[in-house]
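J.: Before I ask anything, here is the structure I am working with.
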Amino acid sequence: MTDTFGTHRERLWAALAAPRDIAAIAAFRVAFGAIVVISALRFLSYGWIDELYNKPGFHLRYWGFGWVPLPSPAVTTALFVATGVLGLLVAVGLCYRPAVALLFFVFTYLQLVDVATYLNHYYLVSLFAALLVFVPAHRAASLDARLRPEIRAATLPAWCTYVLRFQVAVVYVNAGLAKATADWLLHAQPLNIWLSARTGLPVVGPYLDLPGVAHVAAWAGFLFDTTIVLFLLWRRTRGVAYLAVLGFHAATHFLFPPIGMFPVIMVVAATVFFDASWPRRWLRAAAPPRVAAAPAARVAVARRLRVAAVAAGVYMLLQILVPLRSHLYGGNVLWHEQGMRFSWRVMARAKNGSVTFIVRDPRDGRQWHVSPAKYLTRIQEREMAVQPDLILQLAHHIAREFEAAGRPGVEVHADARVSLNGRPAAVLVDPATDLAREQDGIGRKRWILPAPDTEPPHLRRARFRTL
Amino acid sequence: MTGGSGGASSADGSIVFSRSELLAAFGACAAERVGDFRGRATALDAAVTTYVATPDDASRAAARQAFRDAMDSWQIIDIMQFGPTAPGTVIGGKDFRDNIYGWPRINRCAIEEAIVARSYEAADFEAALLANRRGLGAVEYLLFYEGADTECGVSSSAHAAWPMLDAQDREQRKRAYAAAAVGRVLARANALDQAWDPAQMNFVQTMRSAGPGNTVYQTPQAAIETVGLALFYVDQVLKDLKLTLPIDAGCVTADCLESRYAGRSKANIRANLDGLRRILEGCGTDYTGLGFDDLLADVGAVGLADTLRTQAIAAQAAADAIEEPDLDQALAADKPSVVALRDAVATITTTIKTQFFTTLSFEPSIIPTDND
């Protein structure tokens with residue numbers, strides 16, 4: 001038994017350490033760096049730094065990360081410039097290891113400044129940067145390799161490819177599972193809403209609100225996300241699967257422009273499923289090195305590799321469990337949002353809210369209606385109004401402000417109403433709860449009211465109406 | 001269940017709705033209201049000119065009435081901050097609004113400093129005076145405030161100089177300042193009218209033609225969204241600033257109201273609600289014509305259209321139910337009536353910010369950013 005286990009383990013090590021052409025990972029590095037450069041340029045040129053970082057008078061923080069210092073406007077701009085430069089360094093492979101490590105810290109820090117900036121694809125960029133710290137993707141097609149011949153390598157261990165494939169698979173599979181809801185599959189919401197608003201698009205627009213189109217799109221999206229990894233893994237279907245990747249993400253890019261860089265990132269990320277030598281064929285470069293798997297028995301597993309394997313195992317386990325944590329809270333995660341972040345629920349709901357804070361001083365009974373607009377930009381308010389933990393965070397801030405103004409111990413209640421996937425607005429937070437006395441944390445928030453049990457509306461265009 | 005009632009008739013009597021026609025209707029509504037305001041601004045300019053030339057009770061009363069008429073007209077437009085009327089940060093915006101009516105940024109002390117320094121006599125009036133000391137907000141103070149005091153504290157240059165002005169000189173300066181300010185309002189009104197006017201720069205056509213090739217709105221949705229997002233006014237200005245702030249401050253004087261000097265705070269809100277219904281339902285008589293209700297009906301959300309109409313009518317009724325001439329008296333004598341109006345407006349804003357924005361897929365940010 002021990003011998004069998006040992007043999008399996010050695011085979012595993014051998015598989016992980018098996019040399020694979022470095023070309024595909026080098027190409028991924030170049031494309032990833034270029035995406036980071038473009039993303040930084042978009043922030044710098046579109047006014048987003050002011051809108052997202054400088055304009056807010058109050059920043060909504062990630063739970064447990066309130067200690068992260070807020071950058072000044074000049075520092076924020078400098079950090080985005082640095083992000084672009086670091087992305088360029090990663091792309092060309094110059095000072096790669098420190099560059100990609102710094103990219104991870106700078107980019108992640110910028111995300112930690114304000115929860116309202118959270119996007120799934122920014123999170124993915126941080127994860128890719130973190131993984132690339134450990135992947136020596138600069139050993140070919142890089143300035144580092146040109147300047148330091150001793151680091152050059154034609155191959156990398158197979159685990160480098162596997163870890164990137166795993167990450168991409170986590171995104172697709174969870175994005176697919178997030179669509180396994182009655183709203184998405186039975187009622188085609190929120191796609192029905194989104195497509196109905198895009199009938200003015202050229203060529204395809206007039207067809208987007210035809211009966212059945214939203215349902216077809218909803219099921220296509222669900223099936224694509226849940227199965228595409230399998231088809232990309234299987235060599236015989238890989239080509240067609242990648243065409244589907246291109247088609248799917250091109251469609252999301254043109255139909256839903258606010259999705260930003262996400263389609264580009266996924267189109268690049270999906271290349272990690274290709275054969276390791278694919279760039280050589282495209283660039284008509286030198287033939288890939290002939291590589292043969294080393295016999296299992298002859299693979300020496302270094303202690304460092306074992307540690308790395310354990311760390312990778314823990315990382316993968318977290319990547320599997322973190323998106324699933326929402327199930328521990330029960331109910332509809334799209335409503336209560338507990339476990340929503342970091343779970344790859346990409347464009348899974350159409351949701352807007354309206355919150356008014358009602359502050360009451362129990363000493364004299366005086367009452368104030370406080371608008372979030374006093375503290376938040378519209379982008380922040382939009383995010384806060386549908387996420388109970390952010391409502392709580394602002395309630396605490398308001399309580400502190402009243403205390404500073406000489407009114408300690410005020411009660412802060414929220415009149416929070418939310419429309420999910422086009423339903424009439426329903427009350428999100430128990431208005432009787434004094435939020436000033438509730439603590440944030442990862443536990444279930446009992447003051448969040450249940451999601452409405454009504455079906456979402458079915459929008460259907462009435463092309464002709466009679467008076 | 002009625003839904004919208006506007007739209008072009010086809011041969012068989014059915015209604016053919018299109019987003020371009022809706023956008024044209026929004027544009028035509030704005031153009032028509034701006035034209036009305038331009039006429040009233042012209043009348044105000046004439047009345048103030050007369051008041052400057054022959055300053056007596058009759059000419060002052062005429063100037064004040066002309067101001068009321070102009071402000072009533074502007075308050076309908078104030079809720080239609082899309083197209084050139086909107087701030088420059090909004091797609092298509094040309095910053096007309098704050099240059100015509102800068103409330104809530106009007107600063108009485110800054111106006112009094114300008115009176116002391118005669119800044120209003122500068123050749124380039126708008127360069128010499130920031131938006132917080134000109135426009136209709138300044139004109140209201142200059143025409144209506146009769147007190148001899150100043151709001152400027154000791155840190156202001158006007159604090160010491162103000163008491164040195166004799167009453168006659170002070171009133172003469174205020175009239176001259178009012179004339180200069182109204183002149184600029186009229187110039188802006190003319191320019192805004194030209195921007196909208198179908199016979200001139202025709203922004204109505206820019207809205208109607210939203211889509212590929214349009215340099216302002218790349219899609220009809222983008223154009224419709226700017227009109228929809230203008231409704232944030234109902235939430236952040238009408239509900240929060242015009243109603244909640246005075247209610248929570250417990251004010252019983254006009255100092256915390258929008259119209260501190262002319263006593264038109266209630267009238268302004270009534271005009272805002274009129275503007276709201278024009279956008280929601282249509283700009284014609286009795287709110288006929290194309291409005292958001294027709295778009296909602298077109299996408300199959302007739303119930304939401306009816307809800308919004310009912311809520312808007314209820315808000316108008318709540319405003320009408322306030323018996324006192326203005327909000328300061330109402331807050332002193334019948335605060336619940338003002339609270340009822342605020343709550344009625346809050347009901348609309350909740351619907352607008354939740355189901356309305358969701359159903360029409362509006363992104364409530366001024367600068368579009370990525371969102372997944």
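J.: Among (1) outside any loop (DSSP other than H, G, I, E, B); (2) at pLDDT 95 or above; (3) within 14 Å of chain A (Cβ to nearest Cβ), which single condition is B:LYS266 missing?
T.: With respect to (1) outside any loop (DSSP other than H, G, I, E, B); (2) at pLDDT 95 or above; (3) within 14 Å of chain A (Cβ to nearest Cβ), B:LYS266 is out only on (3).
J.: For residues that are under 21 Å from the mean Cα position of the chain (by Cα) and without any contact (Cβ under 8 Å) to a residue 40 or more places away in the chain, scanning just region B:286-300, find the one that is least open to solvent (accessible area, probe 1.4 Å).
T.: B:TYR287
J.: Could I ask something else about it? Are any residues in region A:408-433 out of contact with any helix residue (DSSP H, G or I) (no Cβ under 8 Å at 6 or more places or on another chain) and of a type in the set (Val, Ile, Thr), and if so, which ones?
T.: If the condition is that a residue be out of contact with any helix residue (DSSP H, G or I) (no Cβ under 8 Å at 6 or more places or on another chain) and of a type in the set (Val, Ile, Thr), then A:VAL427, A:THR433 are the ones that fit.
J.: Is it the case that region B:214-224 has a residue that's more than 14 Å from every other protein chain (Cβ to nearest Cβ) and open to solvent by 50 Å² or more (accessible area, probe 1.4 Å)?
T.: Within region B:214-224, one or more residues are more than 14 Å from every other protein chain (Cβ to nearest Cβ) and open to solvent by 50 Å² or more (accessible area, probe 1.4 Å).
J.: Any residue at all in region A:210-220 that is touching a residue at least 40 places away in the same chain (Cβ under 8 Å) and surrounded by 15 or more Cβ atoms within 10 Å (Cβ to Cβ)?
T.: No - not one qualifying residue is present in region A:210-220.
J.: Within the group A:ALA404, A:ALA414, which residue is closer than 21 Å to A:LEU60 by Cβ and open to solvent by less than 50 Å² (accessible area, probe 1.4 Å)?
T.: A:ALA414
J.: From the list A:PHE107, A:PHE134, exactly one residue is surrounded by fewer than 19 Cβ atoms within 10 Å (Cβ to Cβ) and at negative phi. Which is it?
T.: Matching residue, one of A:PHE107, A:PHE134: A:PHE134.
J.: Take A:GLY441 and decide whether it is more than 14 Å from chain B (Cβ to nearest Cβ), open to solvent by less than 40 Å² (accessible area, probe 1.4 Å) and in a loop (DSSP other than H, G, I, E, B).
T.: So A:GLY441 fits the description; yes.
J.: Kindly establish whether A:LEU449 is closer than 27 Å to B:PHE356 by Cβ, touching a helix residue (DSSP H, G or I) at 6+ places or on another chain (Cβ under 6 Å) and either of a type in the set (A, V, I, L, M, F, W, C) or more than 11 Å from chain B (Cβ to nearest Cβ) (or both).
T.: Answer is no for this residue.
J.: If we keep just the residues of region A:194-209 that are buried (at least 23 other Cβ atoms within 10 Å of the Cβ) and part of a helix (DSSP H, G or I), which is farthest from the chain's Cα centre (by Cα)?
T.: Taking region A:194-209 as the starting set, the residues that turn out to be buried (at least 23 other Cβ atoms within 10 Å of the Cβ) are A:195-197, A:200.
Next, only the ones that are part of a helix (DSSP H, G or I) stay: A:195-196.
Details: A:LEU195: 23, A:SER196: 26 Å.
Only one residue fits best here, namely A:SER196.
J.: Being out of contact with any helix residue (DSSP H, G or I) (no Cβ under 9 Å at 6 or more places or on another chain) and away from every other protein chain (no Cβ under 14 Å) is the filter here; which residues of region B:330-365 pass it?
T.: Passing the criteria: B:ALA332, B:ALA333, B:ASP334.
J.: Filter region A:335-357 for residues that are aliphatic (A, V, I, L, M) and within 8 Å of chain B (Cβ to nearest Cβ) and give the result.
T.: A:VAL346, A:MET347, A:ALA350
J.: Scanning region B:316-338 for residues that are crowded, with 20+ Cβ neighbours inside 10 Å and closer than 17 Å to A:HIS369 by Cα, which turns out modelled with the highest pLDDT?
T.: Step by step, filter region B:316-338, then rank; the result is B:VAL338.
J.: May I pose another question? What number of residues within region A:1-59 satisfy the criterion of being within 23 Å of A:ARG382 (Cβ to Cβ) and more than 14 Å from every other protein chain (Cβ to nearest Cβ)?
T.: Of the residues in that region, 3 qualify.
J.: Test A:GLN189 against the criterion of being polar (S, T, N, Q), part of a helix (DSSP H, G or I) and in contact (Cβ under 8 Å) with a residue 12 or more places away in the chain, and give yes or no.
T.: When the stated conditions are applied, A:GLN189 does not pass them.
J.: Also, I was wondering about something else. List, please: which pairs have Cβ atoms under 7 Å, are six or more places apart or on different chains, and start with a residue in region A:69-90 that is touching a residue at least 40 places away in the same chain (Cβ under 8 Å) and under 16 Å from A:LEU103 (Cβ atoms) and end with one that is open to solvent by less than 40 Å² (accessible area, probe 1.4 Å) and basic (Lys, Arg)?
T.: From region A:69-90, the pairs are A:VAL90/A:ARG29.
J.: Name the residues in region B:172-196 that are surrounded by fewer than 17 Cβ atoms within 10 Å (Cβ to Cβ) and of a type in the set (D, E, K, R), would you?
T.: none
J.: Is region A:231-244 home to any residue that is within 14 Å of another protein chain (Cβ to nearest Cβ), within 28 Å of A:PHE342 (Cα to Cα) and of a type in the set (A, V, I, L, M, F, W, C)? Steps first, please.
T.: Of all residues in region A:231-244, those within 14 Å of another protein chain (Cβ to nearest Cβ) come to none.
No, region A:231-244 contains no residue that is within 14 Å of another protein chain (Cβ to nearest Cβ), within 28 Å of A:PHE342 (Cα to Cα) and of a type in the set (A, V, I, L, M, F, W, C).
J.: What residue, among those in region A:358-384 that are within 11 Å of chain B (Cβ to nearest Cβ) and in a strand (DSSP E or B), is farthest from the chain's Cα centre (by Cα)?
T.: A:GLN367
J.: Considering every residue within region B:352-366, establish whether at least one is in contact (Cβ under 8 Å) with a residue 24 or more places away in the chain, more than 24 Å from A:PRO258 (Cβ to Cβ) and either in contact with a strand residue (DSSP E or B) (Cβ under 7 Å, 6 or more places away or on another chain) or open to solvent by 40 Å² or more (accessible area, probe 1.4 Å) (or both). Spell out how you get there, then give the answer.
T.: Going through region B:352-366, the residues in contact (Cβ under 8 Å) with a residue 24 or more places away in the chain turn out to be B:352-353, B:355-357, B:359-364, B:366.
Remaining after also requiring more than 24 Å from A:PRO258 (Cβ to Cβ): none.
No, every residue in region B:352-366 fails to be in contact (Cβ under 8 Å) with a residue 24 or more places away in the chain, more than 24 Å from A:PRO258 (Cβ to Cβ) and either in contact with a strand residue (DSSP E or B) (Cβ under 7 Å, 6 or more places away or on another chain) or open to solvent by 40 Å² or more (accessible area, probe 1.4 Å) (or both).
J.: Related question: If we scan region A:424-434, do we find a residue that is in contact (Cβ under 8 Å) with a residue 40 or more places away in the chain and away from chain B (no Cβ under 14 Å)?
T.: No: zero hits.
J.: Looking only at residues that are within 14 Å of chain B (Cβ to nearest Cβ) and among the charged types (D, E, K, R) in region A:402-423, which one is nearest to A:ASN352 (Cα to Cα)?
T.: Within region A:402-423, the match that is nearest to A:ASN352 (Cα to Cα) is A:ARG417.
J.: Could you please let me know if B:GLU126 is in contact (Cβ under 8 Å) with a residue 24 or more places away in the chain and either open to solvent by 40 Å² or more (accessible area, probe 1.4 Å) or part of a helix (DSSP H, G or I) (or both)?
T.: In short, yes.
J.: While we're on this one: Residues A:VAL310, A:VAL346, A:VAL359: which one is more than 25 Å from A:LEU195 (Cα to Cα) and either open to solvent by 30 Å² or more (accessible area, probe 1.4 Å) or modelled with pLDDT under 95 (or both)? It would help to see each step written out before you state the result.
T.: Values: A:VAL346 fails: more than 25 Å from A:LEU195 (Cα to Cα); A:VAL359 fails: either open to solvent by 30 Å² or more (accessible area, probe 1.4 Å) or modelled with pLDDT under 95 (or both).
The match here is A:VAL310.
J.: Let me ask something else. So which residues in region B:131-148 are in contact (Cβ under 8 Å) with a residue 60 or more places away in the chain and either within 18 Å of B:PHE96 (Cβ to Cβ) or assigned to a helix (DSSP H, G or I) (or both)?
T.: Answer for region B:131-148, where residues must be in contact (Cβ under 8 Å) with a residue 60 or more places away in the chain and either within 18 Å of B:PHE96 (Cβ to Cβ) or assigned to a helix (DSSP H, G or I) (or both): B:LEU136, B:VAL139, B:GLU140, B:TYR141, B:LEU143, B:PHE144.
J.: Within region A:454-466, does at least one residue satisfy the condition of being away from chain B (no Cβ under 14 Å), in contact (Cβ under 8 Å) with a residue 24 or more places away in the chain and either assigned to a strand (DSSP E or B) or crowded, with 21+ Cβ neighbours inside 10 Å (or both)?
T.: no
Okay, residues lined up against (1) open to solvent by less than 30 Å² (accessible area, probe 1.4 Å); (2) within 19 Å of A:ALA269 (Cβ to Cβ):
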position	(1), (2)
A:ILE22	yes, yes
A:SER39	yes, yes
A:ARG42	no, yes
A:LEU52	yes, no
A:TRP63	no, no
A:LEU70	no, no
A:VAL81	no, no
A:VAL92	no, no
A:CYS95	no, no
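J.: Tally time: how many residues in region B:339-372 are modelled with pLDDT of 95 or more and assigned to a loop (DSSP other than H, G, I, E, B)?
T.: Looking only at that region, the number is 1.
The values are calculated or read from the model by the stated rules, or taken from the named source; none is laboratory data. Because the structure is predicted, anything quoted here is derived from the model rather than measured. In this analysis, Cβ positions are derived from the backbone assuming ideal geometry, glycine residues included, and neighbour counts consider all displayed protein chains. Keep in mind that these areas ignore ligands, DNA and RNA; they rest on the heavy atoms of the full protein, side chains included. Shrake-Rupley method; radii C 1.70, N 1.55, O 1.52, S 1.80 Å.
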